[in-house]
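First the structure, in the form of structure tokens, and then the observations on it.
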Amino acid sequence: MDKIYVTRSSMPSYEEYIEEIKSLWDTHILTNMGEKHKLLEKQLKEYLEVDNLSLMVNGHMALELALQAFDLHGEVITTPFTFASTTHAIVRNGLTPVFCDIEPDHFTIDANKIEDLITEKTCAIVPVHVYGNICDVEKIQEIAEKYHLKVIYDGAHAFGEKYKGIGIGNFGDATMFSFHATKVFNTIEGGAVSFHDDQYGKDLYGLKNFGIRGPEIVNFVGANAKMNEFQAAMGLCNLRHVDEEINKRKNIYHLYVEMLKDVPGIRLMKLRDNIEFNYAYFPIIVDEKEYGMNRNQLFDKLAENNIFVRKYFYPLTSEYECYSGILSLDKTPNAKWISERVLALPMYAELQVKQVQLICDIIKK
Ligand SMILES: *Cc1c(COP(=O)(O)O)cnc(C)c1O
């Protein structure tokens, strides 16, 4: 029996990609904001319906530099129920993450618990649109305005989504997108930051290109986070097919919901209202009390059947060894509860109906 993994990267046809990169053999311009980079930036800005967009070599550097460009100091309120990148980006900027609990049904940061965590040192909020479910962007905006905090969204899972008809990258001061191979839209590795402020855009550009302003002017201690032309070419190809891919994901999503919604002890993610979703992931919560088996046992059972799911996100980032003794996790009981019971099921455009049925049959048994 073929192995089923949690994800499978979207790719254009071999011919389409070869056609796209052909011109690079004429220009010999392989990176440094070449033609492909410029075109992809423009097309993505339109697709995501955002004011400004800056492409980056990957999502992590996009988030790290998005934070750095705001020149922040002090504490950042964030969620521990996320990928390593979110917390690392905060810490690598010399900032202190302060963990806020999550909503038990949406899995996003619980906006009603943010205010209690604000101190004189708080400078920003870094929420995550986890699994593509979006945060309570309205409440977060209200808090940010009241306390003069920056809001930088980790939108790694939120490609192409809208809330009340507005592109998700318009909320907060900036939003990071990841175009990693495993995400809904990929440029092999890649990412971007969407933002409003032009001066901020200039600072961000400086950070991604060594702070070089002109041939003889370097006025910024920048890093290097430029997306290269081969990445951008992959993006140009994948963007042509992404709507179709999201549609296929949508069918799989609904199939899963149909088959799993009434299984005792299996809980599904509740989507926020007014969201145009991208069907990025399919997480389930395994409640042993009702299901009769715990998350780890179900994980093993699926693996015995050649289905390799992920305990995504487990452990919480606050529980990582590198943060042991430094960060406290006692204050996020919902996040802990969810993270000990969550499984991300296989979810990608090419997943077959038969495979979804097989996965659900095993879960039901
Ligand atoms: C994938 C991901 C990132 C990092 O993106 P890369 O492109 O892999 O560097 C950040 N945050 C979350 C929540 C992610 O899933």
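So which pairs qualify, if the first residue must be in the stretch 5-16 and closer than 16 Å to Leu302 by Cβ, the second must be open to solvent by 100 Å² or more (accessible area, probe 1.4 Å) and modelled with pLDDT of 95 or more, the Cβ gap must be under 7 Å, and the two must be at least 6 apart or on different chains?
Pairs that qualify, where the first residue is closer than 16 Å to Leu302 by Cβ and the partner is open to solvent by 100 Å² or more (accessible area, probe 1.4 Å) and modelled with pLDDT of 95 or more, are Val6/Arg310.
Suppose the filter is on the phi > 0 side of the Ramachandran plot and more than 20 Å from the chain's Cα centre (by Cα); does Gly201 pass it?
Taking the combined requirement at face value, the residue does not satisfy it.
Run down Glu46, Glu64, Glu103 and say which single residue is open to solvent by 10 Å² or more (accessible area, probe 1.4 Å), free of Cβ contacts under 8 Å to residues at least 24 places away in the same chain and within 25 Å of Gly167 (Cβ to Cβ).
From the options Glu46, Glu64, Glu103, the qualifying one is Glu46.
Going by the structure shown, is Val353 open to solvent by 30 Å² or more (accessible area, probe 1.4 Å), out of contact with any His (no Cβ under 6 Å at 6 or more places or on another chain) and β-branched (Val, Ile, Thr)?
When the stated conditions are applied, Val353 passes them.
What's the number of the condition Tyr279 fails, among (1) open to solvent by 70 Å² or more (accessible area, probe 1.4 Å); (2) among the hydroxyl-bearing types (Ser, Thr, Tyr); (3) at pLDDT 95 or above?
In the conditions (1) open to solvent by 70 Å² or more (accessible area, probe 1.4 Å); (2) among the hydroxyl-bearing types (Ser, Thr, Tyr); (3) at pLDDT 95 or above, Tyr279 misses (1) alone.
For the stretch 1-28, what are the residues that are over 23 Å from the mean Cα position of the chain (by Cα), β-branched (Val, Ile, Thr) and surrounded by 15 or more Cβ atoms within 10 Å (Cβ to Cβ)?
Result: Ile21, single match.
Test of understanding: among Met234, Met227, which residue is within 16 Å of the ligand (Cβ to nearest atom), open to solvent by less than 10 Å² (accessible area, probe 1.4 Å), in contact (Cβ under 8 Å) with a residue 60 or more places away in the chain and within 30 Å of Tyr5 (Cα to Cα)?
Met227
Can you give me the number of residues within the stretch 79-98 that are within 11 Å of the ligand (Cβ to nearest atom) and among the β-branched types (Val, Ile, Thr)?
Selection size over the stretch 79-98: 4.
If Leu271 meets every condition in (1) part of a loop (DSSP other than H, G, I, E, B); (2) open to solvent by 50 Å² or more (accessible area, probe 1.4 Å); (3) touching a Leu at 6+ places or on another chain (Cβ under 9 Å) apart from one, which number is that one?
(3)
For the stretch 202-224, name all the residues that are open to solvent by less than 20 Å² (accessible area, probe 1.4 Å) and either in contact (Cβ under 8 Å) with a residue 12 or more places away in the chain or over 21 Å from Glu64 (Cβ atoms) (or both).
If the condition is that a residue be open to solvent by less than 20 Å² (accessible area, probe 1.4 Å) and either in contact (Cβ under 8 Å) with a residue 12 or more places away in the chain or over 21 Å from Glu64 (Cβ atoms) (or both), then Leu204, Gly206, Leu207, Lys208, Gly214 are the ones that fit.
Checking the condition surrounded by 19 or more Cβ atoms within 10 Å (Cβ to Cβ), of a type outside the set (Asp, Glu), under 19 Å from Ala280 (Cβ atoms) and in contact with a His (Cβ under 7 Å, 6 or more places away or on another chain), which residue from Tyr163, Tyr153 passes?
Answer to the selection: Tyr153.
Residue by residue through the stretch 46-70, note down the ones that are out of contact with any helix residue (DSSP H, G or I) (no Cβ under 8 Å at 6 or more places or on another chain) and away from the ligand (no atom under 11 Å from the Cβ).
Glu46
Report yes if some residue within the stretch 319-328 is open to solvent by 10 Å² or more (accessible area, probe 1.4 Å), at pLDDT 95 or above and out of contact with any Ser or Thr (no Cβ under 9 Å at 6 or more places or on another chain); otherwise report no.
no
Can you give me the number of residues within the stretch 189-201 that are within 16 Å of the ligand (Cβ to nearest atom), among the small types (Gly, Ala, Ser) and outside any strand (DSSP E or B)?
Here the count works out to 1.
Per-residue answers, yes or no, for (1) part of a strand (DSSP E or B); (2) within 11 Å of the ligand (Cβ to nearest atom):
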| residue | (1), (2) |
| --- | --- |
| Asn112 | no, no |
| Cys135 | no, no |
| Gln141 | no, no |
| Lys146 | no, no |
| Val151 | yes, no |
| Gly169 | no, no |
| Phe177 | yes, yes |
| His180 | no, yes |
| Thr187 | no, yes |
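When only residues in the stretch 176-215 that are more than 19 Å from Tyr279 (Cβ to Cβ) and among the β-branched types (Val, Ile, Thr) count, which is modelled with the lowest pLDDT?
In this case the residue turns out to be Ile212.
Which of the residues belonging to the stretch 133-174 are among the polar types (S, T, N, Q) and without any contact (Cβ under 8 Å) to a residue 40 or more places away in the chain?
Scanning the stretch 133-174 gives a single hit, Gln141.
The values are calculated or read from the model by the stated rules, or taken from the named source; none is laboratory data. Note that the coordinates shown come from a computational prediction; the quantities given were computed from them, not determined experimentally. When we count neighbours, we look across all protein chains shown, and the Cβ atoms used for this are built from the backbone with ideal geometry, even at glycine. Keep in mind that these areas ignore ligands, DNA and RNA; they rest on the heavy atoms of the full protein, side chains included. Shrake-Rupley method; radii C 1.70, N 1.55, O 1.52, S 1.80 Å.
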